[in-house]
Amino acid sequence: MSEISEHGFSDYLVEAAWLEAHLDDPGLVVIDVDAEAAYKRGHVPGAASLNPDYERDPDSGWVTTMPPERFAEVCRGLGMGDHSQVVVYDNSMSLHATRLWWVLRRYGHPDVRILNGGWRAWLSEMRPVSFERPASENSVAFTPRLDDSMLGVLDDVKAACGLDDAVIWDVRTEGEFDGSVNRGNRRVGHVAGAVHLEWLELMDAETHRFRSEAEMRVLLNGHGITPDKTAYAY
């Protein structure tokens, strides 16, 4: 996937035109990360379905990363192997797709990209739609290789609170940040010293596309989230 998106994020995004042109490429795996009902209403041809609750622990209810063996099993069921090129998308402004992107990268699979604009872009550009579910594929081998450098643990964040070359970035809503919305949590508010920039600000609400690199830099720089600092986002 060497074509560069108009946003310049060749390592992160692909456009709908590229995806349609490469749907029949061997080794390409497309994952729809929307609810089952949405998937049944139509999806990218050949796309496999992964419910957005894939990270949720059925016992505790907490959203956590699956153990490596379980995640490998899920990937194999989706036809995703060690050498697969993966494109993920949703109809939620890439909320769920980016989570799957992150989990795949953390488990050592770098060849994964997000469909820019997701399902909305696919539909608005009149790309082909399928209602067929691809056959389950378990013959591929997915080998999880944990990359803990992508994960900040509690001690890291505590230490970062007092560092000039680090920034704590709260991506939640304004209400969650100021404590007026608790979402069922016993404590409200935010990490001391955190800056607030809701993740939705980085998206175009009309098209569901990521904002341009230039627009993002202005937003991030304005909140002190600069390349010279280590950022911890939550």
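Residue 80 meets all of the listed conditions (1) farther than 23 Å from residue 149 by Cβ; (2) buried (at least 22 other Cβ atoms within 10 Å of the Cβ); (3) hydrophobic (A, V, I, L, M, F, W, C) but one, namely (1). Could you say whether any residue in region 90-109 is more than 24 Å from residue 202 (Cα to Cα), modelled with pLDDT of 95 or more and hydroxyl-bearing (Ser, Thr, Tyr)? Within region 90-109, not a single residue is more than 24 Å from residue 202 (Cα to Cα), modelled with pLDDT of 95 or more and hydroxyl-bearing (Ser, Thr, Tyr). Taking the criterion of being touching a strand residue (DSSP E or B) at 6+ places or on another chain (Cβ under 9 Å), under 30 Å from residue 191 (Cα atoms), of a type in the set (A, V, I, L, M) and crowded, with 21+ Cβ neighbours inside 10 Å, would at least one residue in region 151-160 satisfy it? No. Report yes if some residue within region 36-51 is touching a Pro at 6+ places or on another chain (Cβ under 8 Å), modelled with pLDDT of 95 or more, surrounded by fewer than 19 Cβ atoms within 10 Å (Cβ to Cβ) and closer than 19 Å to residue 132 by Cβ; otherwise report no. Yes. Against the condition outside the structural domain of residue 18 (by TED's automatic domain parsing), surrounded by fewer than 11 Cβ atoms within 10 Å (Cβ to Cβ) and not acidic (Asp, Glu), how does residue 172 come out, does it pass? The answer is no for residue 172. Taking each residue of region 200-227 that is under 18 Å from residue 172 (Cβ atoms) and outside any loop (DSSP other than H, G, I, E, B) and looking for partners that are among the hydroxyl-bearing types (Ser, Thr, Tyr) and modelled with pLDDT of 95 or more with beta-carbon atoms closer than 8 Å, six or more apart or interchain, yields 203/94; 220/226. Would you check which residues across region 162-180 are hydrophobic (A, V, I, L, M, F, W, C) and either closer than 24 Å to residue 201 by Cα or in contact with a Leu (Cβ under 7 Å, 6 or more places away or on another chain) (or both) and list them? Across region 162-180, the qualifying residues are 166, 167, 168, 169, 171, 177. Among the conditions (1) over 30 Å from residue 49 (Cβ atoms); (2) touching a Lys or Arg at 6+ places or on another chain (Cβ under 6 Å); (3) of a type in the set (S, T, N, Q), the only one that residue 138 does not satisfy is (1).
The values are calculated or read from the model by the stated rules, or taken from the named source; none is laboratory data. In this text the structure is predicted, and so the values were computed from the model without any measurement. As a convention, Cβ positions derive from the backbone with ideal geometry for all residues, glycine included, and neighbour counts pool all protein chains shown.
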